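First comes the structure, then the notes that go with it.
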Amino acid sequence: MQKNLKTSAGTADVETTRYTAAFSPSQEINGEEMNAAVQRAADAFFSIDGLSSRKLMPYPHDPLREPALWIKYDHLSAKDRLDQLDIPQLEKDLFDAMISSFGAVPGDQCAFTEVLRWYALGGHSMAGVFELAGTYKLGKGGMTSLARSILSDYGGHLVLNAAVDRVVQNGTSVTVSTKVGHRIEAKYLVSTIPLNCLSGVSFSPALSPGRQEAIKAGHINKGTKIHFHLAREEPGWFSVASGYGSSPWCFAFSDHNGTTAKKGTFCIGFGYGSHLTNCHASDEIISTFKEHMGPDAEVMAYLTHDWVTDEFAKGTWCCWGPGSMAKSLQELQRADGRVLFASADWADGWRGFIDGAIERGMLACKDVEKLLSQEKISPRM
């Protein structure tokens with residue numbers, strides 16, 4: 001599917017950049033100057049106690065590899081660290097606004113180590129982070145096309161429209177029950193249930209206290225994602241807003257001007273968590289978008305999905321707050337008897353991304369294959 005990759009105009013070819021400071025109107029700023037200011041802030045942000053980002057997390061795809069110096073700072077929020085710095089306030093504000101895109105939360109809710117992880121994955125530069133995380137997308141059907149491609153490659157049994165509500169283990173097998181009455185028994189189970197949804201499933205025996213604590217806390221990203229169709233054809237633009245003011249919007253960018261013909265501008269906006277929670281409140285959504293993201297926007301239509309109340313998501317992509325990674329990462333990755341847990345929500349590397357889901361899925365498959373071979377059972381579909 002790599003041939004279906006496309007770029008978004010508002011991240012790959014930006015002509016206009018806008019910033020909304022706290023309790024201030026949106027204003028156009030020089031994008032190159034903003035990027036330079038954000039990188040200067042990053043240089044100071046990750047220079048802590050004589051260490052650098054590379055010293056703190058040299059192996060972002062293996063973050064727990066000793067000495068794992070980042071653990072000492074996992075209790076800090078991003079804002080805690082910014083408050084320690086003697087740099088211009090504008091640089092702090094711009095940096096905080098930009099990293100808010102990591103979890104749809106301002107820096108006082110996002111862990112210092114969460115920002116560090118993204119930074120390390122991006123090659124230890126802010127430009128690298130946004131190149132990898134925000135430039136490319138799947139064309140020709142997006143995530144739907146990916147799901148259908150996976151399904152077409154799959155040769156095993158399939159049960160749809162059957163939500164799992166109970167998992168019971170004994171010494172030799174595990175049984176899954178669904179809300180519509182299915183009972184499925186297997187030697188091992190691979191659960192891909194998202195972190196924020198695990199509390200809705202009963203496990204017997206009970207999960208470990210550490211895992212239960214992590215499940216109760218969940219991850220913190222409860223942001224919104226809204227696609228807009230704007231009337232006018234516009235060149236690439238990117239907008240970002242402070243999370244400490246009146247803007248319910250975190251950031252937005254133009255995507256394209258039509259895939260088959262020029263049809264105005266299609267863009268995507270992301271709201272801060274606990275804001276824009278009513279997807280039917282069109283007046284609020286459109287008016288605040290124009291106020292904080294695109295003052296000249298003429299909204300023709302918008303499309304969204306309420307991921308926060310969706311029982312199979314209960315949030316958007318995973319982001320962790322202070323104290324979470326050191327306490328919960330290893331526990332969430334650990335198997336529980338005959339149940340293996342494989343979700344992007346506790347990936348080592350690109351947590352919350354497709355890449356993270358592939359990482360955990362591949363590892364779970366290898367583990368199951370090894371466990372079955374120890375029982376002299378050949379894996380099959």
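Listed values, structure above:
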| item | result |
| --- | --- |
| The range 42-72: number of residues that are touching a Phe, Trp or Tyr at 6+ places or on another chain (Cβ under 7 Å) and within 15 Å of Gly123 (Cβ to Cβ) | 6 |
| Single unsatisfied condition, Ile268 versus (1) within 25 Å of the chain's Cα centre (by Cα); (2) in a loop (DSSP other than H, G, I, E, B) | (2) |
| Count - residues of the range 262-276 that are under 20 Å from Ser246 (Cβ atoms) and surrounded by 15 or more Cβ atoms within 10 Å (Cβ to Cβ) | 7 |
| The range 360-381 residues that are farther than 19 Å from Gly156 by Cα and assigned by TED's automatic domain parsing to the domain that holds Leu195, paired with ones that are assigned to a helix (DSSP H, G or I) and at pLDDT 95 or above (beta carbon under 8 Å, 6 or more apart) | Arg360/Gln333; Arg360/Ala344; Arg360/Trp346 |
| Selection within the range 230-242 - over 24 Å from His280 (Cα atoms) and assigned to a loop (DSSP other than H, G, I, E, B) | Glu233, Glu234, Pro235, Gly236, Ser242 |
| Breaking point among (1) among the polar types (S, T, N, Q); (2) under 26 Å from Leu198 (Cα atoms); (3) in the same structural domain as Trp346 (by TED's automatic domain parsing), for Ser152 | (2) |
| Residue satisfying all of: in the range 331-350; part of a helix (DSSP H, G or I) and either assigned by TED's automatic domain parsing to the domain that holds Tyr19 or within 15 Å of the chain's Cα centre (by Cα) (or both); surrounded by the most Cβ atoms within 10 Å (Cβ to Cβ) among these | Asp345 |
| Residue list for the range 144-161, filter: closer than 30 Å to Pro205 by Cα and either more than 26 Å from the chain's Cα centre (by Cα) or of a type in the set (Val, Ile, Thr) (or both) | Gly156, His157, Leu158, Val159 |
| Members of the range 277-314 that are among the polar types (S, T, N, Q), modelled with pLDDT of 95 or more, more than 18 Å from Trp237 (Cα to Cα) and surrounded by 13 or more Cβ atoms within 10 Å (Cβ to Cβ) | Thr304 |
| Any hit, the range 174-181, residues being among the basic types (Lys, Arg) and either crowded, with 17+ Cβ neighbours inside 10 Å or not assigned by TED's automatic domain parsing to the domain that holds Gly323 (or both) | no |
| Residues being under 22 Å from Cys197 (Cβ atoms) and in a loop (DSSP other than H, G, I, E, B) - total across the range 279-313 | 10 |
| Helices (runs of 4 or more DSSP H) completely within the range 2-88 that count 2 or more residues being surrounded by fewer than 16 Cβ atoms within 10 Å (Cβ to Cβ) and either touching a Cys at 6+ places or on another chain (Cβ under 6 Å) or on the phi < 0 side of the Ramachandran plot (or both) | 31-45, 53-56, 78-83 |
| Test: residue in the range 323-330 that is in contact with a helix residue (DSSP H, G or I) (Cβ under 7 Å, 6 or more places away or on another chain), at pLDDT 95 or above and part of a loop (DSSP other than H, G, I, E, B) | no |
| Among (1) at pLDDT below 95; (2) of a type outside the set (A, V, I, L, M); (3) outside any loop (DSSP other than H, G, I, E, B), the one test that Thr260 misses | (3) |
| Criterion (basic (Lys, Arg) and free of Cβ contacts under 8 Å to residues at least 60 places away in the same chain) met by exactly one of Arg65, Arg54 | Arg65 |
| Selected residue (criterion: farthest from Tyr244 (Cα to Cα)) from residues of the range 5-45 that are β-branched (Val, Ile, Thr) and touching a residue at least 24 places away in the same chain (Cβ under 8 Å) | Thr7 |
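The values are calculated or read from the model by the stated rules, or taken from the named source; none is laboratory data. Note that the structure is predicted; figures quoted are calculated from it, not measured. With ideal geometry, Cβ positions are generated from the backbone for all residues, glycine too; neighbour counts draw on all protein chains shown.
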